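Asks: So that we are looking at the same thing, I have put the structure below in structure tokens.
The values are calculated or read from the model by the stated rules, or taken from the named source; none is laboratory data. These numbers were taken from a predicted model, which means no experiment stands behind them. Backbone-built Cβ (ideal geometry, glycine too); neighbour counts: all protein chains shown. To get the accessible areas, we keep the full protein, side chains included, count just its heavy atoms, and leave off ligands, DNA and RNA. Shrake-Rupley method; radii C 1.70, N 1.55, O 1.52, S 1.80 Å.
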Amino acid sequence: QVQAAESGGGSVQAGGSLRLSCAVSGSIFSSNNMGWYRQAPGKQRELVATVTSGGRTNYADSVKGRFTISRDGAENTVYLQMNSLKPEDTAVYYCNRSPSFCSGYGCPAFGPWGQGTRVTVSS
């Protein structure tokens with residue numbers, strides 16, 4: 001079972017940046033595709049970025065060009081660098097095992113959910 005612990009959220013002004021981290025436990029981290037999901041108040045959970053076990057990435061249109069997902073196999077950690085943040089990026093962000101190339105709403109997740117980390121972007 002792969003479990004995740006997210007950190008790095010906070011409050012920033014529009015145009016600012018944050019870097020989220022996800023420490024993944026479990027001996028099968030290297031063979032899993034991982035994704036960052038987010039859930040805004042009153043909305044469904046959205047898959048915004050994925051990285052395969054081989055390092056290929058995919059992004060939702062809403063974050064393309066602004067967010068970058070990466071993974072560090074030595075540290076069993078997945079990162080999400082978020083630049084040019086907008087108020088609509090405000091959400092609780094989670095990482096989880098994910099499909100390879102799904103993005104947006106309706107994408108499944110394959111592991112237990114962590115606590116998430118809250119991101120608030122003010123205008």
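Asks: Could you list which residues have their amide H under 5 Å from that of C95, counting only those 5 or more apart in sequence or on another chain, with H placed in the peptide plane?
Replies: Result for C95 returns Y37, G114.
Asks: Can you compute 3J(HN,Hα) from phi for each residue in segment 99-109, using the Karplus curve 6.51 cos²θ - 1.76 cosθ + 1.60 with θ = phi - 60°, rounded to whole Hz and x for Gly and Pro?
Replies: Couplings: x, 5, 9, 10, 8, x, 7, x, 7, x, 10 Hz.
Asks: Once you order the gyration tensor axes a ≥ b ≥ c over the Cα atoms, which shape class does segment 56-123 get: rounded for a/c under 1.5, otherwise prolate or oblate by comparing a/b with b/c?
Replies: rounded
Asks: Within segment 31-123, report the trypsin sites (Lys or Arg not before Pro) that DSSP leaves as loop and that have at most 16 other Cβ atoms within 10 Å.
Replies: In loop regions of segment 31-123 (DSSP not H, G, I, E or B), the sparsely surrounded trypsin sites (Lys or Arg not before Pro) are K43, R56, K64, R66.
Asks: Let me ask something else. So what are the ³J(HN,Hα) numbers for segment 72-89, from phi and the Karplus equation (6.51, -1.76, 1.60; θ = phi - 60°), rounded to whole Hz, Gly and Pro as x?
Replies: 10, x, 5, 9, 6, 10, 10, 10, 9, 8, 10, 10, 6, 5, 10, x, 6, 7
Asks: Tell me the Kirkwood radius of segment 40-79: reciprocal of the mean inverse pair distance over distinct alpha-carbon atoms, in Å.
Replies: Computed over Cα pairs of segment 40-79, the Kirkwood hydrodynamic radius comes out at 11.4 Å.
Asks: Using a 1.4 angstrom probe, figure out how much accessible area the chain has per residue, in square angstrom, rounded to the nearest whole.
Replies: 48
Asks: Counting only protein heavy atoms and using a 1.4 Å probe, what share of the accessible area of the chain belongs to carbon plus sulfur, as a whole percent?
Replies: Carbon and sulfur: 44 percent of the exposed surface of the chain.
Asks: Next up: If you take the square roots of the eigenvalues of the alpha-carbon gyration tensor of the chain and sort them as a ≥ b ≥ c, do you get rounded (a/c under 1.5), prolate (a/b over b/c) or oblate?
Replies: Here the chain falls in the prolate category.
Asks: Here's a follow-up. Nothing charged except the Cβ atoms of Lys and Arg (+1) and of Asp and Glu (-1): what's the magnitude of the dipole of the chain about its Cα centre? Round to the nearest 20 debye.
Replies: 120
Asks: Let me ask something additional. For the chain, what does the relative contact order come out to in percent, with C-alpha contacts under 8 Å and a separation of six or more?
Replies: 36
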